[in-house]
Structures are given as structure tokens and as C-alpha cells.
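**Student:** Before I ask anything, here is the structure I am working with.
The values are calculated or read from the model by the stated rules, or taken from the named source; none is laboratory data. Since we're looking at a predicted model, the values are computed, not measured. Cβ: placed from backbone, ideal geometry, glycine included. Neighbour counts: every protein chain shown. Ligands, DNA and RNA are stripped out before the accessible areas are found, and what is left, the full protein with its side chains, is counted by its heavy atoms. Shrake-Rupley method; radii C 1.70, N 1.55, O 1.52, S 1.80 Å.
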Amino acid sequence: MQERLAILLSRKLSGEATTDELNELADWVKNNPQDHYVIDILHSYWSNRAFQDHLNVTDDVHFERIL
């Protein structure tokens, strides 16, 4: 994943994305369909687990759960 995609996705998931950023992310997905699966997984994980235990685990644990 490129750095810009990671930034756009994190801003969307945190609710901080602007309309322009959301449009840029939508364009990215349209032009890079191979990234859609990863984005869906991250969105699903964030929606289901975002605030349940984020203070009790490390970033590595979150990454392992996503994998």
C-alpha cells in the first residue's frame, strides 16, 4: 500500500476525511481494484474492533488480528 492510500484510509476510518479526500480514495479504489480487498478488511476490522480494546494491545497485535 502506498503512503497516500494509508493516509486517506486512516482519515476516512477516523471520520476526519474531507470530501476531497473521500473522492480521492474512491478514485483510488476505482483505479486500483486490487487494493479494494485490503481496504474492505481494514474497514471491517475498524468497524468491529475500533474501540473495544485499543488501549490494551500493541499495534503488532492489531496487525496480527487483521492478518
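**Student:** Does segment 1-50 classify as rounded, prolate or oblate by the C-alpha gyration tensor (a ≥ b ≥ c root eigenvalues; a/c under 1.5 gives rounded; else a/b over b/c gives prolate, otherwise oblate)?
**Tutor:** Judged from the Cα gyration tensor, segment 1-50 comes out oblate (a/c at least 1.5, b/c at or above a/b).
**Student:** Then there's this: Set the Förster radius R0 to 35 Å, insert the Cβ-Cβ distance between GLU16 and HIS36 as r into 1/(1 + (r/R0)^6), and round the FRET efficiency to 0.05.
**Tutor:** 0.95
**Student:** Residues with beta-carbon under 13 Å from that of LEU25, excluding LEU25: net charge, scoring Lys, Arg +1 and Asp, Glu -1?
**Tutor:** Once all neighbours under 13 Å are counted, the net charge is -3.
**Student:** Can you sort GLU24, GLU16, GLU3 by solvent-accessible area, 1.4 Å probe, largest first?
**Tutor:** Result of the area sort, largest leading: GLU3, GLU16, GLU24.
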